[in-house]
Structures are given as C-alpha cells and as structure tokens.
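Let me give you the structure first, and then I'll get to my questions.
The values are calculated or read from the model by the stated rules, or taken from the named source; none is laboratory data. In this text the structure is predicted, and so the values were computed from the model without any measurement. Cβ placement follows ideal geometry from the backbone for every residue including glycine, while neighbour counts extend to all protein chains displayed.
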Amino acid sequence: MTIAIRDDLTYILLKKIGSGNGRGESEIRNAAEEYVGHQVAEAELLGHLDYLNQRDSIKAQFSGEPYGGAELLPPLVAFPEADLTEKGRKLLHKMETNPPTSLHQEGSAVPIGSKDMPFLEKVMVKGHLEDIFDARDITELVYRIVRGVMTTEASDRVESELHKEVLPTDDKTLQQEIADLWRDTNPLVGLLSRVRRALTGSPAPLGIDGNLFVPRVELEGALPSGVKPETAIAAVFSATKDELSEERIQEIAGFLPDRIRGIWESA
C-alpha cells in the first residue's frame, strides 16, 4: 500500500510532538483531525510517522510488526510515543515560518505521493536539501523559470512526458504527478505562464539569461546554508532528464541560455 505525504499533516504531527504531547496514537490523531479538517486513517497517520522516523525528524517508538513478515494477520502496529530530533525541530521551524495553506481546507492539500518520492529524493540527495518538501519547492521554482524561456507549445510537449502517476486512486487529494510541478500548483502562475511570450534573450530583465536565472533560484529558493543555486538547479535537471525522451531533452536545451544550458547538458 502507498500513501501520499501531506505537508499539512506533517506540520501538525511535528508541532504536536514538539510540544511534548506526542504520547499515544489517539491523542495525535485527534489533534491532526482537528487541524487537517478530515478524518485521518490509521494507515495514513502511521505512514507519516514512519516517514518522519526514517528520516530522523522524530525518534518514535512503535510496537507490533509494521510489515507483518509472512503472517497473514500481523500483530497490530501501535504508536506509544515520539520525540522531536534536532532535524525535526529545524523542519518544524521552517514550516512554522510558512505554514501549509491547506490547514482547515479539506481536499486542498497538494500531497507528495510515495511513488513520486524517487524523483524528489533524487533532487533532495543531489541538491543537498534537507527534506522532500524543499525538493518539491525548488523543483517547482526551477520549472517555473525554465517554462519562462520556452514557448507554450514546447512546454506542453514536456508536460506530456511527465504524467507519471503517483498513486492509482479516485481520491483527488492523493493524485499528484511530476507534471503538476511542471505546470505549477499555483493556478494563477500557471495561467500567466501560458499567455505570456517566451522571456528569452539578453540582457535581463527583458529576457531571462544565465545572470538572472541563477540569482532567482538563490533568492526565491530558500536554499539551506552552504548549498549553491547551481547545485540545486543541476539536481532538478538531472532528475527531470531521467523522465524525458532524448527529443525533449534536446528541445529544452535549445531554449536555455548558454550558462544554464551547460548545467542542463552536464546534469
């Protein structure tokens, strides 16, 4: 079974555990349901806790066998308690600075599907980012700038190759594709990018050249200390090229300014 990692639920879990009240599955679920705005299933709750535990954001205790081994009816998995780690405190502080807009808005969250994580984990690892939320945000930013130098028709051709389903489900809150990041999860920004002309050429700001592309990522990307924007850009480029045909790879290269084209070709 796969789940989608939701930033709103992740935020509430970190906040609850960080307050020192992360004792008992039912207490945490009640807090999550109050703020997320819908019932939180046991599998969804435990999946998020397990995700945070594996990535050292929390130090959690579980009882029972999470995977059940060869048993048809594995013992019940229970969650007695958890504590926030230093990494978890940093993530919580970052999310408190910019809380998820989906709190109290049922169905409005943009989840990160677990089948999408290999893509985002590539960005996270190669970009030296702290978590997949950083990876998602920097990917969307880089995509936004790249789309800015492309024609709408070319952008649509790229999007057509990024329709990688993350979870077979009819639940729209769990549907997420790499293409969603490419077209932009902000509907207004996505619309404007379709009606404007390609911002190619030099010098900036009339066009997006290499001297504007990199500073935009540095200023808007909220990168961790010590991470160069070129590193994050290369990470997004590398993960994206793994999903595209050679024809699309060459087409994108043709739109990029020289300095950025070099990063694209070497990624």
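Give me the pairs, please: first residue somewhere in segment 229-253 and farther than 15 Å from residue 263 by Cα, second residue anywhere and of a type in the set (Ser, Thr, Tyr), beta-carbon distance under 7 Å, and either six or more positions apart or on two chains.
The qualifying pairs do not exist here.
So which residues in segment 118-148 are assigned to a helix (DSSP H, G or I) and aliphatic (A, V, I, L, M), if there are any at all?
120, 123, 124, 125, 132, 135, 138, 141, 142, 145, 146
Write out, first by first residue and then by second, each pair whose Cβ atoms fall under 8 Å of each other, whose residues are 6+ apart or on separate chains, and whose first residue, in segment 42-55, is in contact (Cβ under 8 Å) with a residue 60 or more places away in the chain while the second is charged (D, E, K, R) and crowded, with 19+ Cβ neighbours inside 10 Å.
55/131
In addition: Can you confirm whether segment 113-132 contains a residue that is at pLDDT below 90, closer than 19 Å to residue 219 by Cα and surrounded by fewer than 17 Cβ atoms within 10 Å (Cβ to Cβ)?
Yes, some residue in segment 113-132 is at pLDDT below 90, closer than 19 Å to residue 219 by Cα and surrounded by fewer than 17 Cβ atoms within 10 Å (Cβ to Cβ).
Something else about it: Please note which helices (runs of 4 or more DSSP H) are completely contained in segment 179-252 and include at least 1 residues that are modelled with pLDDT of 85 or more, out of contact with any Phe, Trp or Tyr (no Cβ under 8 Å at 6 or more places or on another chain) and crowded, with 18+ Cβ neighbours inside 10 Å.
The helices (runs of 4 or more DSSP H) meeting that bar are 210-220, 229-241.
Looking only at residues that are out of contact with any Lys or Arg (no Cβ under 7 Å at 6 or more places or on another chain), of a type outside the set (S, T, N, Q) and not in a helix (DSSP H, G or I) in segment 149-164, which one is modelled with the lowest pLDDT?
The qualifying residue modelled with the lowest pLDDT is 164.
Every residue in segment 253-267 that is within 23 Å of the chain's Cα centre (by Cα) and not in a helix (DSSP H, G or I), please.
The answer is 267, and nothing else.
I've got another one for you. Just the residues that are outside any helix (DSSP H, G or I) and either modelled with pLDDT of 70 or more or of a type outside the set (Lys, Arg) (or both), please, taken from segment 10-35.
Step one: of segment 10-35, the residues outside any helix (DSSP H, G or I) are 19-24.
Scanning segment 10-35 gives 19, 20, 21, 22, 24.
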